[in-house]
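Derivation of every value follows stated rules applied to the coordinates shown; laboratory data play no part. Computed from a predicted structure; not experimentally measured. So basically every Cβ, Gly included, is an ideal-geometry build from the backbone, and we count neighbours across all protein chains shown.
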Amino acid sequence: MSQIQEEIKRINNGLPQGVRLVAISKFHPAEAIEEAYEAGQRIFGESHVQELQQKVELLPKDIEWHFIGHLQTNKVKYIAPYIKLIHSVDSIKLLQEIDKQAKKVGRIIPILIQLHIAEEETKFGFTIEECRNLLTTQDWSEYPNVQISGLMCMATNTDNMEQVRREFRTVHEFFVEMKASCTNLTSFTELSMGMSHDYPIALEEGSTLIRVGSKIFGERDYSKG
Ligand SMILES: *Cc1c(COP(=O)(O)O)cnc(C)c1O
């Protein structure tokens, strides 16, 4: 068994029931994805539309492709026919565009609302306040072709694991609050949090989808991207 396959098996075997691994394959070649596929992995996440399109062409049709990066509205149309879950909805404008493109291809596309919780200035997403406002005041029947399936976040990129835990806990508490108050959103069940260096903490704090890349596939070679 290759190192990729061992890591896929090790991580999947350690997941609590109901939690799924999204193998983040961005910047890694199709062959690396094939190896993971042969170890039973079916959910893969990518963050660039063009790279994703190329991989979709090459790889088995039963792969569930998730989109995890910042998505420009003018690119939604390319992935609308097949994308299984968009983790990174960071504006109303993007939500509207996904609804529009999903309608064109006769789909209902599941999405997560991305929260901005980390300290870094540059990260995309809604604040908790904005998200609460969105979820509790929006009339979701206006967007019949998107399915709001939960929340996604990235913790601050720090070695301070207590801070990371605090951020995950805050998001989980908010997730539970929204599940309770948005009873019309029956699809609101997923909490996407945890990456290579912090997913064990995310699991303890209630994640249902972990997004693990470098721990499985090794360091990314950006020069080829
Ligand atoms: C790249 C990326 C990941 C995976 O990061 P690793 O540290 O390689 O596990 C997870 N989530 C998002 C949003 C990413 O962009």
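Taking 0.36 nm per intervening residue step and subtracting the Cα-Cα distance, what contour gain separates residue 119 from residue 34 on full extension? Please report the intermediate quantities before stating the final value.
Values: separation 85, 0.36 × 85 = 30.60 nm, distance 3.59 nm.
So the chain would gain 27.0 nm between residue 119 and residue 34.
Output the direction-averaged projected area (hull surface divided by four) of the convex hull of the alpha-carbon atoms of the chain, in nm². Don't skip to the end; give the middle numbers.
Working: hull surface 48.6 nm².
So the mean shadow area of the Cα hull is 12.2 nm².
Mind giving me the nanometre distance, one decimal, between the label points for residue 77 and residue 179, set 7 Å out from Cα along Cα→Cβ?
Here the answer is 3.8 nm between the modelled labels.
Rounded to the nearest 0.05, what FRET efficiency do residue 137 and residue 165 give with R0 = 30 Å and r taken as the Cβ-Cβ distance? Could you check?
Calculated value: 0.45.
What is the order of 116, 48, fewest Cβ neighbours within 10 Å to most?
The order, fewest Cβ neighbours first, is 48, 116.
How do 171, 176, 164, 19 rank when sorted from fewest to most other Cβ atoms within 10 Å of their own Cβ? List each step's numbers first, then the result.
Numbers: 171 26, 176 12, 164 22, 19 19.
Ascending number of Cβ neighbours within 10 Å: 176, 19, 164, 171.
For residue 91 and residue 62, calculate 0.36 nm times their separation in residues minus their Cα-Cα distance, and state this gained length in nm to one decimal.
My answer for the length gained is 7.5 nm.
So what is the relative contact order for region 97-225, in percent, with contacts set as C-alpha pairs under 8 Å and at least six apart?
Result for region 97-225 is 22 percent.
May I ask for the distance between the Cα centers of region 85-118 and region 131-210, given as a whole number of Å?
When both Cα centres are located, 15 Å separates them.
For residue 222 paired with residue 129, estimate the spin-label separation in nm (one decimal), with each label point 7 Å from Cα along the Cα-to-Cβ line.
3.3 nm
Just want to confirm a number: the relative contact order over the chain, from Cα pairs under 8 angstrom separated by 6+ residues, in percent.
About 20 percent, as a whole number.
Let me know the longest stretch in the chain that avoids all GluC sites (Glu not before Pro) found in a DSSP loop with at most 12 other C-beta atoms within 10 Å. Working shown, then result.
Working: sites that count: 119, 120, 121, 219.
The longest such stretch corresponds to 1-118.
At a Cα cut-off below 27 Å, give the lysines reachable from residue 123, other chains included and same-chain residues fewer than 8 away excluded.
26, 55, 75, 77, 84, 93, 100, 179, 215, 224
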